[in-house]
Structures are given as structure tokens and as C-alpha cells.
Amino acid sequence: MKEVTINKQARLSEHFTLAELCKTSAKTQDGNIPSHVHIENLKRLCGWLEQLRRRWNNLYGEGDDPIIINSGFRSPEVNKAVGGATSSNHLTGCAVDIRCIGIEQALRYAVILLDISDMNREDIDELLLERSSRGGYWLHFAVRPSGNRRVVRLIQT
């Protein structure tokens, strides 16, 4: 197998790096390396995340609060290892899971992203407020290059 290297410190936007959008705790042989198409999808997502970060900080933040990504791009091996859906937007670099400190922050993030969608007249694919059985919250957010479905749900796992 030919070893592929990428610059994971490369900036996808002002505040987000490729490393942040590809991090995983799953140990796989493929190295969770995105293609150029996946990276373009991640850059599109980061445009939305930058707007979320800016608006969050203007409304609620304490100056320069970061948006923390739990999961972004997933290779098929990583997606399988973490139990992701076989049709997951993570596989194409079109989705991120955003860490939230409780339901209130998840709801506020969701409202900001819906407002951005409406103001920019750009649709989203998925906006899922998720809660683990242990009580943790995160926001799954996805934007595809086209064919966005505007799926908005509250999901308890």
C-alpha cells in the first residue's frame, strides 16, 4: 500500500484546520485521508462554521469562543468502526458533529444555523440535535454541494 501524506495543519478557513475536521479516535489502516473532493466539501462546511462562530460570539460568546468539532470527515473504515450510517454525510466531508455544552447551546447553535440558511437563501441537508444515553449533547450539521433536504430533528441515541 502506497503511503499517502497530507498536510493536516492546512487551514480550511480562518479558524479550522484539516486536522480538526479529520480527527478520529478510531485506529484504521487507511489513515482517514480525505480526497480533494472531500476537502472542497469540508471547506464549504467551514464557511458555515465560521458564520456560526462569528454570530455565536456576537450574541453569547465571551469574546472568542471556538466551535469544537467532535467529528468531521470519516473514511469508510472509520465510519464503520464508529458505527456510522452507511449513507452518512461524514463519508463525503459534508457533515460535522459539533460539541455542545448542554441542550441550550445545541438549540442556540441550531437556530443560528437555520437563520444563516434563511438569510443566505442556501439550504442545509441535516441539522440534528443529538443526545447520548449518558446525557451528552452535540449538533450534527451537514451541507451538500446540491440536493440538500433540510432535515431538522431531535434524536436521542
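The values are calculated or read from the model by the stated rules, or taken from the named source; none is laboratory data. No experiment lies behind these values; they were computed from the predicted model shown. Note: ideal-geometry Cβ built from the backbone for every residue, glycine included; neighbour counts use all protein chains shown. Accessible surface is based on the protein model in full, side chains and every heavy atom, while ligands, DNA and RNA are left aside. Shrake-Rupley method; radii C 1.70, N 1.55, O 1.52, S 1.80 Å.
Scan region 102-123 for residues that are without any contact (Cβ under 8 Å) to a residue 60 or more places away in the chain, touching a strand residue (DSSP E or B) at 6+ places or on another chain (Cβ under 8 Å) and not polar (S, T, N, Q) and report the count.
Summing the residues that are without any contact (Cβ under 8 Å) to a residue 60 or more places away in the chain, touching a strand residue (DSSP E or B) at 6+ places or on another chain (Cβ under 8 Å) and not polar (S, T, N, Q) in region 102-123 gives 7.
Filter region 15-24 down to the residues that are open to solvent by 20 Å² or more (accessible area, probe 1.4 Å) and free of Cβ contacts under 8 Å to residues at least 24 places away in the same chain and list them by number.
A19
Yes/no matrix, rows are residues, columns are (1) in a loop (DSSP other than H, G, I, E, B); (2) more than 23 Å from L113 (Cβ to Cβ):
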| position | (1), (2) |
| --- | --- |
| T24 | yes, yes |
| P34 | yes, no |
| N41 | no, no |
| E50 | no, no |
| G63 | yes, no |
| I67 | yes, no |
| N70 | no, no |
| R74 | yes, no |
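Restricted to region 36-71, and to residues that are of a type in the set (S, T, N, Q) and open to solvent by 50 Å² or more (accessible area, probe 1.4 Å), which residue is nearest to the chain's Cα centre (by Cα)?
Among them, the one singled out is N70.
Let's see how each residue does on (1) under 18 Å from V143 (Cα atoms); (2) modelled with pLDDT under 95:
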position: K2; (1), (2): no, yes
position: L21; (1), (2): yes, no
position: G31; (1), (2): no, yes
position: R55; (1), (2): no, no
position: D64; (1), (2): no, yes
position: I69; (1), (2): yes, no
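Does region 91-106 hold any residues that are closer than 17 Å to G47 by Cα and either buried (at least 22 other Cβ atoms within 10 Å of the Cβ) or at pLDDT below 95 (or both), and which are they?
G93, C94, A95, V96, I98
Right, K80: more than 21 Å from V111 (Cα to Cα), more than 17 Å from the chain's Cα centre (by Cα) and in a loop (DSSP other than H, G, I, E, B) or not?
no
Among the residues of region 116-139, what is the count of those that are within 17 Å of I67 (Cα to Cα) and out of contact with any Ser or Thr (no Cβ under 9 Å at 6 or more places or on another chain)?
6
When you go through (1) under 17 Å from the mean Cα position of the chain (by Cα); (2) open to solvent by 70 Å² or more (accessible area, probe 1.4 Å) one by one for R74, which number turns out not to apply?
(2)
Can you list the strands (runs of 3 or more DSSP E) found entirely within region 107-157 that contain at least 1 residues being open to solvent by 70 Å² or more (accessible area, probe 1.4 Å)?
126-131, 151-156
Identify all residues within region 60-96 that are within 16 Å of A19 (Cβ to Cβ) and of a type in the set (D, E, K, R); write none if there are none.
Listed by number, the list holds a single entry, R74.
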